[in-house]
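All remarks here apply to the structure that follows.
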Amino acid sequence: MKTYLGEEGLEQSYQEDFPKSVFCRCGGKAHIAFVACENGVKNDKYICNMRKTSGKEGGLWVHDACAVAVYFCADCLHPTAVMNQA
């Protein structure tokens, strides 16, 4: 897994680029802290291999390599994560 600090990770998504900021559950603005991306993983140690997905509520899990952006709120410091898959 590779980790990118701040905005350098915004383009490491498997789909559209991650945004610079997102809304927090408190309504404040959360700013990018880091992005963790499963690339160059060896020995099949991917998050998707930790569990099987049923494709239904209560049994959902990622089905491919994933990238996760973590944001911290400027008002309450709560972390917010956005994820996508290859």
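Coordinate-derived values only; no laboratory data. As the structure is a prediction and not an experimental result, all values here were calculated from the model. Methodologically, a virtual Cβ is constructed for each residue, glycine included, from the backbone with ideal geometry; neighbour enumeration extends over all protein chains shown.
From the convex hull of the Cα coordinates of the chain, what is the mean projected area in square nanometres?
If I average the Cα hull's projected area over directions, I get 6.2 nm².
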Legend entry - Top positive-direction residue, dipole computed over the chain with Cβ charges, set Val22, Ala67, Asn43: Asn43
Inset, instruction - Excluding Lys20 itself, calculate the net charge of residues whose Cβ lies under 15 Å from the Cβ of Lys20, where each Lys or Arg counts +1 and each Asp or Glu counts -1. - result: -4
Legend entry - Amide H contacts under 5 Å for Phe34, placed H, 5+ residues apart: Gly6, Val70
Inset, instruction - Name the longest site-free stretch of the chain, where the excluded sites are trypsin sites (Lys or Arg not before Pro) in a DSSP loop with no more than 10 other beta-carbon atoms within 10 Å. - result: 57-86
Legend entry - Residue-wise HN-Hα coupling along segment 52-62, computed from phi with Karplus coefficients 6.51, -1.76, 1.60 (Hz; x: Gly, Pro): 9, 9, 8, x, 10, 3, x, x, 6, 7, 4
Legend entry - Sorted by Cβ density within 10 Å, fewest first, the residues Ser54, Ser13: Ser54, Ser13
Inset, instruction - Pull up the cross-link candidates among the lysines for Lys42, meaning alpha carbon to alpha carbon under 19 Å and not fewer than 8 places away within one chain. - result: Lys2
Inset, instruction - Sort Tyr14, Tyr71 so the one with the fewest other Cβ atoms within 10 Å of its own Cβ comes first. - result: Tyr14, Tyr71
